[in-house]
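This report concerns only the one structure given below.
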Amino acid sequence: MKYIIYEPVYNADVRHWQITNDARSANFLSETEEYESLIIHPTEDKVALPIVNLESVYYKGFPTQALNFEIFFTAQELAKAVNELPADWYPVNEEF
């Protein structure tokens, strides 16, 4: 999965809202669904937003619809996407 990192958090909130609304308009999401949850950095004012790409699978012999949410991101956002979050994104549990 790829991620786009936004700084500050406010920028990600705005993009999350825009992507959710665009995906609803394109019938990727229902009116009550929201796009993927934001992943908040544990110590810094930044957030990661996953780029979801749902492959088509077969259910009872019929293919499901493939949904590539990448179309809702700009070329500039996709150019700075990372394949995994940096190590500092995951807090280390230290035992005392």
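The values are calculated or read from the model by the stated rules, or taken from the named source; none is laboratory data. Bear in mind that the values here come from a model prediction, so they are computed numbers and not experimental data. Here the Cβ positions follow ideal geometry from the backbone for every residue, glycine too, while neighbour counts run over all protein chains shown. We work out accessible area using only protein heavy atoms, side chains counted, and drop any ligands, DNA or RNA first. Shrake-Rupley method; radii C 1.70, N 1.55, O 1.52, S 1.80 Å.
Side notes on the structure shown:
- Between 0 and 90°, nearest 10: helix 9-25 axis offset from the chain longest Cα axis: 10 degrees
- Of the residues Leu67, Leu49, ranked by 1.4 Å probe accessible area with the largest first, the sequence reads Leu67, Leu49.
- Ratio Rg/Rh, restricted to the chain and using Cα atoms, in which Rh is the Kirkwood radius: 1.05
- GluC sites (Glu not before Pro) lying in DSSP loop within the stretch 1-34, provided at most 10 other Cβ fall within 10 Å: Glu31, Glu33
- Mean residue ellipticity (222 nm) of the chain, computed from DSSP H runs ≥ 4 via -39,500 (n - 2.57), nearest 500: -7000 deg cm²/dmol
- Taking the chain and dividing mean pair separation by its residue count, relative contact order in percent (alpha carbons under 8 Å, at least six apart): 34 percent
- Per residue solvent-accessible surface (Å²) - the chain, probe of 1.4 Å: 72 Å²
- Computed from backbone phi with θ = phi - 60° and the Karplus coefficients 6.51, -1.76 and 1.60, the 3J(HN,Hα) list for the stretch 67-82 is 10, 10, 6, 4, 5, 8, 9, 6, 4, 5, 5, 5, 5, 9, 5, 10 Hz; x is used for glycine and proline.
- Separation of alpha-carbon centers, the stretch 44-71 and the stretch 10-27, rounded to whole Å: 15 Å
- Lys, Arg +1 and Asp, Glu -1 on Cβ, resulting dipole of the stretch 1-79 about Cα centre, debye, nearest 20: 260 debye
- With DNA, RNA and ligands ignored, accessible area of Ser25 (1.4 Å probe; Å², nearest 10): 100 Å²
- Ordered from largest to smallest accessible area (heavy atoms of protein chains, 1.4 Å probe), the residues Glu55, Glu36 come out as Glu55, Glu36.
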